[in-house]
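To start, the structure itself, in structure tokens.
We did not get these values from a lab; they are worked out from the coordinates using the rules stated. Just so you know, these numbers come straight off a predicted model, no measurement behind them. Cβ sites come from the backbone with ideal geometry, for glycine too, and all protein chains shown count toward neighbours.
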Amino acid sequence: MATPAPNIEDATADEQAVQLPDSETRAQINRMTGPQKVAALLLALGADWGKPIWAELNDDEVVSISVAMSELGNVTNEVTQALLMEFISQMSLAGALLGTASSTERLLAKYLPPDRLNAIMEEIRGPAGRNMWEKLSNVQASVLASYLKNEYPQTVAVVLSKISCDHAAGVLSILPEEFSTDVVQRMLGMGSVQRDVLEKIENTLRSEFISNLSQTRQRDSHELIAEVFNSFDRQTEARFLATLEEADWEAAERIKTLMFTFDDLAKLDKSSVQTL
């Protein structure tokens, strides 16, 4: 069932009840990038009312906003309200929003086809970078070397010639000596590489290396436990949390924060969510 539409007509009547953001809240908003602001607003809008906005975005914009959303962390009520006020609307929530890779994926899955969703989540979970070579420059040298040691020396020469010199040096120092010497010699004798050859190498790296790298990326253990606890009934959840609080209070608090995510917005009653 669709969530209620924001009540714009009541905005004027309730305007006097809205407090302007304090200096600390305003400073937080000023530090936020454009994609971060949009990510926070889309989390607040949810799937139903955010869907038309997502539909108007191109792939680059979806990736940019999704990356910002997955790294957003906690967004306080004050910041959320101030952002909504900037767009002639306001929302008050019973708790804070939390953007994680998992909550972002669940949100996007509601209105993006699987192939596009997988491509975007690969961008989020994989190494940072605008293109393949920037991504490789952000992969740990030992991980990249472990993959490249099984490739043809000529292919490795092309790859290392496209990434940063410091990173190439780190990879070469890890590769077997005879193999790395062969690679260096090929780099010395290498001319310009044809565009179709580069594209084939990029496609292979994307399908065989980057994709697997994003799938095997270690997941936050607190996030995993939070999702497990969310599946408990309330009594079991309370029992486990109480036990965990005694053993590790900080971990329990982190898990409780993670347990309130986008999915919980749909469970709130009307008295817990007010929209202007």
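Distance check, please: which entries in Lys51/Lys256; Lys149/Lys200; Lys135/Lys200 exceed 23 angstrom between their Cα atoms?
Over 23 Å Cα-Cα: Lys51/Lys256.
Within 10 Å of each candidate Cβ there may be at most 13 other Cβ atoms; applying that plus a DSSP loop requirement, which trypsin sites (Lys or Arg not before Pro) in region 127-181 survive?
Qualifying residues, ordered by number: Arg130.
I'd like the FRET efficiency for Glu56 and Ala169, computed as 1/(1 + (r/R0)^6) with the beta carbon distance as r and R0 of 45 Å, rounded to 0.05.
0.50
Subtracting the Cα-Cα distance from 0.36 nm times the residue separation, let me have the gained length for Gln194 to Glu237 in nm, one decimal.
9.6 nm
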